[in-house]
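Have a look at the structure below, then the notes.
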Amino acid sequence: MTPTLLSEISVFVLAVFVGFEVISKVPTILHTPLMSGSNAIHGVILVGAMVITASATGPVQDGLGFIAVVLATINVVGGFAVTDRMLEMFKSRQPGGRGPGAPS
Amino acid sequence: MTPVLAGIALLYLLAAVLFIVGLKQLSSPRGARRGNLIAIVGMVIAVAVTIPLLHPTAIGIVLIVLGVAIGAPIGVVGARAVKMTAMPQMVATFNGVGGGAAALVSTVELLRVTGTHAPAVSLGLPVVFSVVIGAVSFAGSGIAFAKLQELMRGTPITYRGQQLANGVLAAAIVVLAILLVVTANPGILLGLLLLSLALGVAFVLPIGGADMPVIISMLNAFTGLAVAGDGFVIQSPVLIVGGTLVGASGTLLTKLMSDAMGRSLANVLFGAFGQVVSGPAAAGAADARPVRAGTAEDIGTLLAYSQRVIIVPGYGLAVAQAQHAARELASLLEQRGVSVEYAIHPVAGRMPGHMNVLLAEANVPYEQLREMDEINDAFKTADVALVVGANDVVNPAARSSPGSPIFGMPILNADQAKTVVFMKRSMRPGFAGIDNELLYDPRTIMLFGDAKDSLVKLAAAVKAA
């Protein structure tokens, strides 16, 4: 096992714990925006799509890489935009800075 | 490592930290919108610092720029143009394309590497993982979209031998996956992709429309894991962190969602199998039973002279765009001294929190929105429960009939109100496709018609009363 792989596995395992920990308490009202927001975060696959398209050899790889870039861009741009649109709905109605999930 | 590369690595780390902070903020009401913006900043950094790392061919540059130029407007227009009611299928779509991209990244990398030498197992394993999971997520999200958009039947689609067929499919995928890791043959890769797409379809078909949010959340976690796998394939820590965060938090969120519906995840996934299909016969019997239909005038008067009215909004209200009409009726009633509250079921609409978004859009005061646990005891003292376009979330079968597909789901106690007014277009069953006894209860009055028209008529009747 190479040192690179070892450090990648460490990062992976730690990220699992962080992922669980970070949303352990979330009100029902935010389930949909949270799903949508995390959906946008996996749009980071755009980075991967760019890397493989840049190093692609031959028309098949070029074509598949291109499709990957398009799909990943839709994921990341659309994901963030739709999440923002959802959360925008809550914005205007927070007198005294109270959030929509705070008990009344 | 040169200083430039070190700087880039640190910026990737910063992006990963911003993803974590963003997610954290997204899970608290106060910081949610800021959380999304923080994640966007992280994403911009991650993409920007990737550019100097690329040593692209001329065609590579063109394809990347063109790809972003095509994808970005599609994403923006899709996100902006979609109706609030169609939000769940939009999220499914964005998730599915991400899964597709994740599968393709591994596919292309394997094709490229096999062009020069036989790939190591440490490459083959994550490639296989990302291809399978990504393709399942892509195809599964497609079916989820079709069901929610009502391009296909929303009810569970089952057939004889389904479990066996799915089992064979899964086994074939495992065999091909092992062969691919050993041989790295492009033909096997293609076969694996196709079978994984088929599995994605087969896996979502038997799941009912009402459970779709849970499935979308699960596929979201899948895509995250596929992206993390790609991170191992192209040795990108930011993909590993970003993907794993979504994979882990998405898994937890999936569990929280099924808990909110009072269901176990296993029940959501496999509940449809072996279920007795009681379609036409049961529905036919139901049609023949008498229901009490009222006029808008009668019900308006009833509302006007009530003390306490609880509105139970459902997806039908959202579809009819009746949020504004509901709010107007509520203000009229309040002016007369009637107490009005909205009872929000955790899965009202099509997703947890969906109804809150829709009512927020109509400027319903936040103080009037009550979560289920908060208001369920209040139905006993309510004069009228006004059920607008909801059905399954007030179906007493969830409490009383163990055979029902929604048995065990927590429901709103609308049946405990003195009078229940159901505003529906027809006697058609709700999204879960099951009959509702409450419609035939002697205390129930039906008001047939489009929710928006009916609410406007009710408001007129209240004014006149």
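In the stretch B:302-338, the residue that is farthest from B:Phe422 (Cα to Cα) out of those that are surrounded by fewer than 17 Cβ atoms within 10 Å (Cβ to Cβ) and hydroxyl-bearing (Ser, Thr, Tyr) is B:Ser331.
If only one of B:Leu219, B:Leu194, B:Leu239, B:Leu225 is surrounded by fewer than 22 Cβ atoms within 10 Å (Cβ to Cβ) and assigned to a helix (DSSP H, G or I), which one is it? Going through B:Leu219, B:Leu194, B:Leu239, B:Leu225 in turn, the sole match is B:Leu194. Being of a type in the set (Ser, Thr, Tyr), within 30 Å of B:Gly78 (Cβ to Cβ), assigned by TED's automatic domain parsing to the domain that holds B:Val91 and over 19 Å from the mean Cα position of the chain (by Cα): is that true of B:Ser130 here? So B:Ser130 fits the description; yes. Checked against (1) surrounded by 18 or more Cβ atoms within 10 Å (Cβ to Cβ); (2) under 30 Å from B:Ala210 (Cβ atoms); (3) more than 8 Å from chain A (Cβ to nearest Cβ), B:Pro88 passes all but a single condition, namely (3).
Any idea how many residues of the stretch B:376-427 are in a strand (DSSP E or B) and not β-branched (Val, Ile, Thr)? Walk me through how you get there before you give the answer.
Of all residues in the stretch B:376-427, those in a strand (DSSP E or B) come to B:384-388, B:419-424.
Of the ones still in play, those that are also not β-branched (Val, Ile, Thr) are B:385-386, B:422-424.
Total satisfying the criteria: 5.
Taking the condition of being assigned to a helix (DSSP H, G or I) and surrounded by 23 or more Cβ atoms within 10 Å (Cβ to Cβ), how many residues in the stretch A:41-65 meet it?
At the first step, the residues of the stretch A:41-65 found to be assigned to a helix (DSSP H, G or I) are A:41-54, A:59-65.
Adding the requirement that they be surrounded by 23 or more Cβ atoms within 10 Å (Cβ to Cβ) leaves A:41-53, A:65.
The qualifying residues number 14.
Filtered by the rule that a residue be in a helix (DSSP H, G or I), charged (D, E, K, R) and within 8 Å of chain A (Cβ to nearest Cβ), the stretch B:28-76 gives a lone residue, B:Arg33. Just wondering, is there one or more residues in the stretch A:1-9 that are without any contact (Cβ under 8 Å) to a residue 24 or more places away in the chain, facing chain B (nearest Cβ under 7 Å), in a helix (DSSP H, G or I) and crowded, with 24+ Cβ neighbours inside 10 Å? Checking the stretch A:1-9: not a single residue is without any contact (Cβ under 8 Å) to a residue 24 or more places away in the chain, facing chain B (nearest Cβ under 7 Å), in a helix (DSSP H, G or I) and crowded, with 24+ Cβ neighbours inside 10 Å. Contact map, the stretch B:352-376: first residue assigned by TED's automatic domain parsing to the domain that holds B:Ser331 and closer than 18 Å to B:Leu332 by Cβ, second residue of a type in the set (D, E, K, R) and surrounded by 17 or more Cβ atoms within 10 Å (Cβ to Cβ), Cβ cut-off under 6 Å, separation 6 or more or different chains; pairs are B:Ala362/B:Arg327; B:Val364/B:Arg327; B:Gln368/B:Glu341.
Would you say B:Ile178 is part of a helix (DSSP H, G or I), touching a helix residue (DSSP H, G or I) at 6+ places or on another chain (Cβ under 8 Å) and in the same structural domain as B:Ala266 (by TED's automatic domain parsing)? Before you say what the answer is, go through the steps one by one.
Details: part of a helix (DSSP H, G or I): yes; touching a helix residue (DSSP H, G or I) at 6+ places or on another chain (Cβ under 8 Å): no; in the same structural domain as B:Ala266 (by TED's automatic domain parsing): yes.
So B:Ile178 does not fit the description; no.
Within the stretch A:85-93, the presence of at least one residue that is over 18 Å from B:Ala58 (Cβ atoms), more than 7 Å from chain B (Cβ to nearest Cβ) and polar (S, T, N, Q) is confirmed. Against the conditions (1) within 7 Å of chain A (Cβ to nearest Cβ); (2) out of contact with any Leu (no Cβ under 7 Å at 6 or more places or on another chain); (3) aliphatic (A, V, I, L, M); (4) under 29 Å from A:Lys25 (Cβ atoms), B:Ile234 satisfies every one except (4). Taken over the stretch B:246-268, the criterion of being at the interface with chain A (Cβ under 10 Å from one of its Cβ atoms) and either of a type in the set (Ser, Thr, Tyr) or in contact with a strand residue (DSSP E or B) (Cβ under 7 Å, 6 or more places away or on another chain) (or both) is satisfied by B:Ser249, B:Thr251, B:Thr254.
Can you tell me which residue is nearest to the other protein chains (Cβ to nearest Cβ) among those in the stretch B:91-108 that are among the polar types (S, T, N, Q) and out of contact with any Ser or Thr (no Cβ under 6 Å at 6 or more places or on another chain)?
First pass over the stretch B:91-108, keeping only residues among the polar types (S, T, N, Q): B:93, B:95, B:106-107.
Next, only the ones that are out of contact with any Ser or Thr (no Cβ under 6 Å at 6 or more places or on another chain) stay: B:93, B:107.
Working: B:Thr93: 8, B:Thr107: 6 Å.
Among residues in the stretch B:91-108 that are among the polar types (S, T, N, Q) and out of contact with any Ser or Thr (no Cβ under 6 Å at 6 or more places or on another chain), the one nearest to the other protein chains (Cβ to nearest Cβ) is B:Thr107.
Residues that are touching a Gly at 6+ places or on another chain (Cβ under 6 Å), farther than 14 Å from B:Pro237 by Cβ and not small (Gly, Ala, Ser) within the stretch B:19-36 comprise B:Gln25, B:Leu26, B:Pro29, B:Arg30, B:Asn36, listed in sequence order.
The values are calculated or read from the model by the stated rules, or taken from the named source; none is laboratory data. All values reported here derive from a predicted model rather than from experimental measurement. Cβ: placed from backbone, ideal geometry, glycine included. Neighbour counts: every protein chain shown.
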